[in-house]
Amino acid sequence: MRVGFCGAGLIGTFHSKMLRASGADVTWSGVFDPDVARRDAFADATGATPCDSEQEVVDGCDALYVCTWTSEHQRLVEMAVAAGKHVFCEKPLSTDLAGATAMADLLRDSGLVHQVGLILRRSPAFLLLQDLVAEEASGRVMSVVFRDDQYIPVQGMYASSWRGDKDKAGSGTLLEHSIHDLDILEHTCGRVASVSARSANFHGLDGIEDSVATTVGFADGGVGTMTSIWHDILERPSLRRVEVFCERAWVVLEEDDWFGPVSWLRLGGERKTVRGSELVEECEARGIAMPNPDGDFISCVVDGRPAWPDFDVALRAHTLADAVYRSAASGGDAVAV
Ligand SMILES: NC(=O)c1ccc[n+]([C@@H]2O[C@H](COP(=O)([O-])OP(=O)(O)OC[C@H]3O[C@@H](n4cnc5c(N)ncnc54)[C@H](O)[C@@H]3O)[C@@H](O)[C@H]2O)c1
């Protein structure tokens, strides 16, 4: 299985490390990044061949990782599909809903394996949260309070000026960061029926909103709020807090997206809290599968199985994001999804 990479930045490097950690039997074929220093550092670390174009990477691989800034995703995915190559694409799929729709349409009946980087779907903490909420004993979801905050990632360890450029990123904190949240919110709490949102722009970057507050109405009757912020507190690189109230259970995830803690309390029970290895053990005891996402992608390609989460999952998250933006543009009107 020959794996090629377009984009050798933060997330491209992350995937290469995850892939190595998974033990998947892959050949590192080509890597391209117009930032030659990054391309060569990636090539040195992995053994991949440094390429002079995206097409050269595509031609030499069986599966392509698209890890560039967002505006390049669609063109590179189309290039991969035209060459009959399987594709892992980072989120967001595109800078807008039209692009994401075209990409999902392209892959849906292509016979190619496709996966997206909606990584929270693979987090032990979020998997446990979802499992607890889904238990029949918890009852229906009544309300959720979801907060996601991060320092604006044009600085610090991200240091990516493209996140301040709407032509490359599409928009700000909601699309670039909280598309993860919209996806996991619906996955955990049920189908979203409508949204109403307000947004603000403190940093003055054109088209890059940095504060979004959304109220959500779920199809099953529950309601919730979601807040997404890009601030300047460099001590807070990325933190989420998700508190779900069900009819007979309270569940909260705090601090670390991957290892919690997750706490819960049920009617007639005692509060329980797990974090780190204890949290992973709790997942295992519940039979929750936690495969390495990159290793799993390669297994799907090898076995010819559909991968997950796929482009249609990402398209739904884009649909939610688009509804939030339309509501915010109207000053908060409810938008049906
Ligand atoms: N799943 C996640 O949790 C997660 C985390 C971070 C980033 N991302 C997503 O991954 C993508 C990249 O983000 P990043 O943090 O790695 O950014 P980055 O700035 O660290 O790296 C992006 C790289 O893409 C390169 N590039 C641009 N156009 C290219 C092209 N045509 N071919 C090859 N390389 C090209 C740039 O030179 C740069 O080195 C974005 O879409 C971002 O939203 C996802």
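The values are calculated or read from the model by the stated rules, or taken from the named source; none is laboratory data. This structure is a prediction, so every number in the text was calculated from the model and none was measured. Every residue, glycine among them, receives a Cβ derived from its backbone with ideal geometry; neighbour counts consider all protein chains shown.
Here are the numbers for the structure shown:
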read-out: Residue list for the range 40-70, restricted to those being more than 20 Å from ASP294 (Cα to Cα) and within 14 Å of the ligand (Cβ to nearest atom); value: ASP40, ALA41, PRO50, CYS51, ASP52, SER53, GLU54, GLN55, GLU56
read-out: In the range 123-148, the residues that are buried (at least 24 other Cβ atoms within 10 Å of the Cβ) and at positive phi; value: none
read-out: Those residues of the range 123-159 which are within 22 Å of ALA200 (Cβ to Cβ), at pLDDT 95 or above and hydroxyl-bearing (Ser, Thr, Tyr), in sequence order; value: TYR151
read-out: Condition broken by ALA37, with the remaining ones in (1) within 11 Å of the ligand (Cβ to nearest atom); (2) surrounded by 15 or more Cβ atoms within 10 Å (Cβ to Cβ); (3) farther than 15 Å from PHE88 by Cα satisfied; value: (2)
read-out: Selection count, the range 123-138, where residues are hydroxyl-bearing (Ser, Thr, Tyr) and either part of a loop (DSSP other than H, G, I, E, B) or in contact with a Gly (Cβ under 8 Å, 6 or more places away or on another chain) (or both); value: 1
read-out: Selection from the range 15-32 of residues that are among the small types (Gly, Ala, Ser), touching a Cys at 6+ places or on another chain (Cβ under 6 Å) and within 14 Å of the ligand (Cβ to nearest atom); value: GLY30
read-out: Some residue of the range 264-278 being within 25 Å of SER178 (Cα to Cα), assigned to a helix (DSSP H, G or I) and touching a residue at least 40 places away in the same chain (Cβ under 8 Å); value: no
read-out: Among the candidates ALA37, ALA100, ALA80, residue that is in the same structural domain as ASP303 (by TED's automatic domain parsing) and over 23 Å from the mean Cα position of the chain (by Cα); value: ALA37
read-out: Residues located in the range 96-122, provided they are assigned to a loop (DSSP other than H, G, I, E, B) and crowded, with 23+ Cβ neighbours inside 10 Å; value: VAL113, GLY117, LEU118
read-out: Which numbered condition GLY156 misses (of (1) in contact with a helix residue (DSSP H, G or I) (Cβ under 9 Å, 6 or more places away or on another chain); (2) more than 11 Å from the ligand (Cβ to nearest atom); (3) in contact (Cβ under 8 Å) with a residue 60 or more places away in the chain); value: (1)
